[in-house]
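A quick write-up on the structure given underneath.
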Amino acid sequence: MHPSGRAALTAPAPARPRPPDPGVRRGTAPPAAGRSSGWTRRPVAQTLLLLALALAVRAPSFRRPFWSPDEGYLGTEAVALRHGGRMYADVVDRKPPLVPWLYEACFALTGPGTLWLVRVCAVVALAVTAVCVARLAAGEWGPWAGLPAGVLTIAASAALPPPDAMAATFEVFMLPATAAAVYFAARHRFLAAGLALAAATLTKQVGLAPLLPIAVQVLTAPRRRLRYGAALAAGLALPIAGCALLLGVHSFVFWNYLSSGSYASSAPGVAAVCGHAGSALGRLALPFAGVAPFLPRLRGRRHRIGAFDRTLLLWLLASAAGVSAGFRFYGHYFLQLLPPLALLALRALHAAFGHAGRGAVRPARRWTPYRTPYPARGRAPARRGADARGRATALACAVAVAVCAAFGAGALRARPPELGRSLDLAAAVDADSRPGQSVFLWSMHPEVYWLADRPAASRYLTAGLLTNFSGGADVRRVGARYAVPGAWAGLRRELAAAPPCLVVDDSAGTPYQMAGYPLLAHLVDRGYTRVARVDGAPVYRRSGC
């Protein structure tokens, strides 16, 4: 008691600070009251959702036996490799060996009569690409950006014409390695980034495109550029050098880097180039149309170009250069633009809403995701901005999925342009020859070899390698003198050593008609009889075969 007899008024003891929640990092916000962080933001859930979406988008690919001559070429290569053929010796292509080896492995499990397992691998490749893009987005802008980035990547892949969007060819299998390379580089794991770049390059040469932004990242790294550069160079060079030693350095270098001189210098005319490029870019723009209404919000704002922004721009620039190689602008070339485009679309939404919910600056040495800050003031405006950004992101994804569904419905009904003709030619070859008898196909549709299950009489599976012909190219640069160096001498030796049982002349109406090539015209005139004619393509059988 106080001396006056009144009870003493004592100040309450100061509250002890609460221990930090072990599940929340310092400087980050706990989940809002009444809200959960959302199961769709968990990496495992996102992976499963993106895999399901990739399967749904590529489901039409299972409805046709093949979608493009590239699949036929790869199938024919794989069959030859399974029977003891050697890459770049008995089987030649201007492409690296990983995809032919993948086809060969799938045929070893399922047999050469179907591509269903290859198409499953293509679904997985697209899903892995989307997962890598999702992790990049979540690490840079927060968990909200992960799933939308993956959805935009997968949805945009369906916007191309069905033969380009559904074929299981080089670009589809190149994408996951390119996205993984940028992802590992963002985490400063440059050895893994180099290995991923090597895998992309051994899938298709233009898979090297992410090297530009990664190299800039290495050169601008403080104090560790030598260490990072050595790790990147080792990861990139060692697998490629090992593959070259395995297949023969001269053959590997020639077919991958020195055999396309005439092809690269016979670009189509300006009108054709603009038409092909404009059509593909216009289709690719449709899935990203949901971002367009929010772009005006960027005006009047000051935006700092950060390191990741520079990486995205350089990645897009390098990928565009890869698409432009040779100026052919085939639809499937544009697939490599999808990862940087999806990330740039999310970057635009992030900037349009004032970086709502932006977290602390990333540590310099370790790549970690941004987190939502927990400021004492201004919490409500930040939450309103995050909600508006969430609605904008939902709209962008909804538009992309709707466009994807429309294109997917069209792909369900689509047929490859030459499907019927190739099936008819394969049926004629099968009827006029026995299993194991060789066939020489003078055509740009090597799928006939694979569909008929007959071995090719030559390592040169298309007339393009012997004439420099390709779709939409300059017809003035078609002829034997524009062929791959040494191809005609090699063909002469092959036909003399083992004349084919059947010769199929599918050159009617083309700039490379067989009558203009004396070696082939004389071959057919000596000892061959026409036994069938399919859609204007005569089929010749050797006497006594």
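Counting only DSSP beta bridges with both residues in the chain, what percent are antiparallel, rounded to the nearest 5?
Around 60 percent of the beta bridges assigned by DSSP in the chain are antiparallel ones.
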For the chain, longest principal axis from Cα atoms; helix 419-431 axis from its Cα atoms; angle between them, nearest 10 degrees, is 40
Once you have the Cα-Cα distance between R224 and A289, take 0.36 nm times their residue separation minus that, and quote the gain in nm to one decimal. 19.3 nm
Give, rounded to the nearest 20 debye, the magnitude of the charge dipole that region 419-542 has about its Cα centre when Lys and Arg contribute +1 at Cβ and Asp and Glu contribute -1 at Cβ. 440
Checking rank on 213-220, 94-101, 278-285, 158-165, with mean other Cβ inside 10 Å and highest first, the result is 158-165, 94-101, 213-220, 278-285
Unpartnered cysteines of the chain (Cβ-Cβ under 4.7 Å counts as a partner)? C106, C121, C132, C243, C274, C397, C404
Which order results if T462, T129 are arranged by neighbouring Cβ count within 10 Å, fewest first? T462, T129
Give, in nm to one decimal, the length gained when the segment between A515 and W101 is fully stretched (0.36 nm per residue of separation minus the Cα-Cα distance). 145.5 nm
Just rank E171, E140, fewest to most, by other beta-carbon atoms within 10 angstrom. E140, E171
If you count the DSSP beta bridges with both ends in region 419-542, what percent of them are antiparallel, to the nearest 5? 65
Can you tell me the FRET efficiency between C545 and V216 if r is taken as the Cβ-Cβ distance and R0 is 56 Å, rounded to the nearest 0.05? 0.40
For an R0 of 45 angstrom, estimate the FRET efficiency from the Cβ-Cβ distance between A496 and V270 and round to the nearest 0.05. 0.55
To the nearest 20 debye, the chain has a Cα-centred charge dipole, built from +1 on Lys and Arg Cβ and -1 on Asp and Glu Cβ, of 3540
Roughly what % of Cα-Cα distances in the chain sit above 44 Å, to the whole percent? 27
Using the basic label-point model (7 angstrom from Cα toward the beta carbon), what is the A388 to A320 distance in nanometres? 3.0
Among M174, A400, A292, which residue has its Cα positioned farthest towards the positive end of the charge dipole of the chain, with +1 placed on the Cβ of Lys and Arg, -1 on the Cβ of Asp and Glu, and the dipole taken about the Cα centre? A292
Rounded to the nearest 0.05, what FRET efficiency is calculated for L245 and L395 with R0 set to 60 Å and r the Cβ-Cβ distance? 0.70
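Among M166, M444, what is the fewest-to-most ranking by other Cβ atoms within 10 Å?
Least to most surrounded, the residues fall as M444, M166.
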Going by average Cβ neighbours within 10 Å, how do the peptides 105-117, 339-351, 394-406 rank, with the highest at the top? 339-351, 394-406, 105-117
What nm distance separates the two modelled labels at R304 and A237, each placed 7 Å from Cα along Cα→Cβ? 3.7
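Every number in this text was worked out from the coordinates using simple rules, so none of it is lab data. Predicted model, so just to flag it, every value in this text is computed and none were measured. FYI the Cβ positions are ideal-geometry reconstructions off the backbone, even for glycines, and counts take in every protein chain you see.
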